[in-house]
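Have a look at the structure below, then the notes.
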Amino acid sequence: MGPSGPLALTRNLISLERGGDELLLVNSFHMRTMYVARGKERVKRLLTEAGQGLTLEGLKSAFPHDADLIQLLRDYRILVDASEDKECFEHSEIAAADPRPKPRMTVYLLITEACNLGCIYCLNGAGTYLKDGRSKMSPTVAIQSVIDCLEQISTGGRVEVGFFGGEPMLQWPLIKEIIRRCEDDLKPAYHDKQITYHLTSNLTICPPDLIEVIRRHNITVMSDIDGPPEIHNRCRPYRHGKGSHAQTAATIRRLAAAGIPVSLRATITSVNQDYIMDTVAHHKELGGSTSAVVPACPINSDREFLADELLPDPNRIIAGLVEAFHSGLWDKENLFPFNQYIAKLRPGTRQVMSCAAFSGTIPVIRVNADVYPCIYLVGQEKCRLGTAGTPWDRRWLDETLLALHVDNLEECNSCPWRYACGGGCPLTKLARWDGVASSPKAAEYARRISCDFTKAVLTEMLWDLADEARTDLAGGQQQAALSAPESTLYC
Ligand code: SF4
Ligand code: SF4
């Protein structure tokens, strides 16, 4: 039995058209994508009529030859029962963080807050990070922080220990000491949980035992290469001004030659926005295992905005990314953001928040043991969760988690893309809520990176899924259910 009340078009309808006859429809609340390979005008005509408030029986009478199509549109929740079908979360359903133990956490240890480079877009503000001098975390703080996370995850779960900074390789002996204590003390004590390691580094420092240690402990590695040598050197010079490409590239080549996967990313500003294809090609040539193109964050930890002249043009980033995607140089599983966004399109997925920071599963530990939810929030006292070894005060985190739910965000709660998007990185929203002024250009850039960039990438992925489905359909059919593979969170 179908609904007896009036039908309506879902208010979460993403509708894309391509060429003369293709149509792609998805209700983002359910994330089941309906692909119409032929006959889009017929479907659109039916949807227009259905949007006039006809009942199911009324619609079937108006389109007597389209009963199957009507049923399909109902099944995919493109046509909904205006009075009964759930289309969003009620306020009472939007709860604070789920208190159940998490299966996975990543703890970012700021091994040192100092760095040997002076990148033009550095996220570490001089007022909030100890950028100068030789700050260094104590092994006790590091181990306590790992214990704090092990205690919070579920049996069988995993804590990833991320060595971060500043530049963590400035304190290589400390990294090795932390790994030794995790291996010798924590793994036996928490034998029902896993500990893995990750290193984010500029890789300008390459100690003789780097390969051996990485290999022995399966450490995953990520580094930034912002373009071919001359471009990279303009974006990521040493603090004294000399370019850093030669040293970083030499280490990457050494690791790659040893069979160690190195994820490479490029942070995009106005300096390298027109070199995206060259950059992903350079990542490949260096032997990177994955390539990531990441628009620069317009705000740093001091809540200072990136200078207007460094802000890239989102249209040029999108154009470069689309070119890179279609070049076939990288599989989509190894090219960010496509490899992350595909997970947003998995049937039934609802992206009510853009990132994991506000569920407290990617804590950042400062040299002084203070705990923050995200590297960009380090030093903001109201965001501090506590200190390693003491219970976290989650009040601000929980309030923020609620406020950032896509159904609570004024600018997002009527957007049909919201359950696929999640609302974008919230850093500039948080700054605005606290009355921090930005330039009109930075505010517009932040908005467009949240909205236009996200929609453009999702659009590419939706059509890519449609193309896959079409290829798979022997003889061609008019509609196909699409699905997306598993993927991991990137940020
Ligand atoms: S950030 Fe933009 S695209 Fe994403 S949900 Fe909000 S309004 Fe929609
Ligand atoms: S998306 Fe989340 S984790 Fe990433 S920078 Fe923004 S707030 Fe931090």
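Apply 1/(1 + (r/R0)^6) to the Cβ-Cβ distance of Val436 and Glu183, taking R0 = 60 Å, and write down the FRET efficiency to the nearest 0.05. Could you put the intermediate results ahead of the total?
Details: r = 43 Å, r/R0 = 0.72.
That pair, Val436 with Glu183, gives E of 0.90.
As a length-normalised measure over Cα pairs under 8 Å and 6 or more apart, the relative contact order of segment 188-235 settles at 41 percent.
Under 1.5 on a/c is rounded, so check that first for segment 120-197, then, if it is not, pick prolate when a/b is larger than b/c and oblate when it is not; a ≥ b ≥ c are the square roots of the alpha carbon gyration tensor eigenvalues. Verdict is prolate for segment 120-197.
Based on C-alpha pairs under 8 angstrom that are at least 6 apart in sequence, the chain has a relative contact order of 18 percent. With neighbours defined as other Cβ atoms within 10 Å of a residue's Cβ, the residues Asp370, Asp184 order from fewest to most as Asp184, Asp370. Modelled spin-label separation between Ala257 and Asn408, with each label point placed 7 Å from Cα along the Cα-to-Cβ direction: 5.3 nm.
Could you list the GluC sites (Glu not before Pro) in segment 315-416 that lie in coil according to DSSP, counting only those with at most 12 other Cβ atoms within 10 Å of their Cβ?
Within segment 315-416, the qualifying GluC sites (Glu not before Pro) (loop, at most 12 other Cβ atoms within 10 Å) are Glu410.
Taking the DSSP beta bridges in the chain as the whole, what percent of them are antiparallel, to the nearest 5? Percentage antiparallel, nearest 5: 45.
Structure shown: which of Lys102/Lys344; Lys176/Lys284; Lys86/Lys429; Lys102/Lys284; Lys131/Lys176; Lys332/Lys455 lie over 24 Å apart, alpha-carbon to alpha-carbon?
Values: Lys102/Lys344 20 Å; Lys176/Lys284 29 Å; Lys86/Lys429 28 Å; Lys102/Lys284 35 Å; Lys131/Lys176 22 Å; Lys332/Lys455 17 Å.
Going by Cα-Cα distance, Lys176/Lys284; Lys86/Lys429; Lys102/Lys284 fall outside the 24 Å limit.
Quick one: grab the alpha carbon gyration tensor of segment 7-87, order the square roots of its eigenvalues as a ≥ b ≥ c, and give me rounded if a/c is under 1.5, else prolate or oblate depending on whether a/b is larger than b/c. The shape class here is oblate. By the count of neighbouring beta-carbon atoms within 10 Å, fewest first, Val271, Val371 end up ordered Val271, Val371.
From the Cα gyration tensor of the chain, with a ≥ b ≥ c the square roots of its eigenvalues, which class applies: rounded if a/c is under 1.5, or else prolate if a/b is larger than b/c, or else oblate? Intermediate values should be presented prior to the final figure.
Values: a/c = 1.96, a/b = 1.66, b/c = 1.18.
Judged from the Cα gyration tensor, the chain comes out prolate (a/c at least 1.5, a/b above b/c).
Helices assigned as whole DSSP H runs in the chain whose Cα atoms extend at least 18 Å along their own long axis and whose mean Kyte-Doolittle hydropathy is -0.5 or higher are found at 139-152, 314-327, 454-472.
Any read-out appearing in this document is the output of simple, stated calculations on the displayed coordinates, not a laboratory observation. Keep in mind that what you see is a predicted model, and the values were worked out from it rather than measured. Neighbour counts are summed over all protein chains in view; Cβ atoms, including those assigned to glycine, are modelled from backbone coordinates with ideal geometry.
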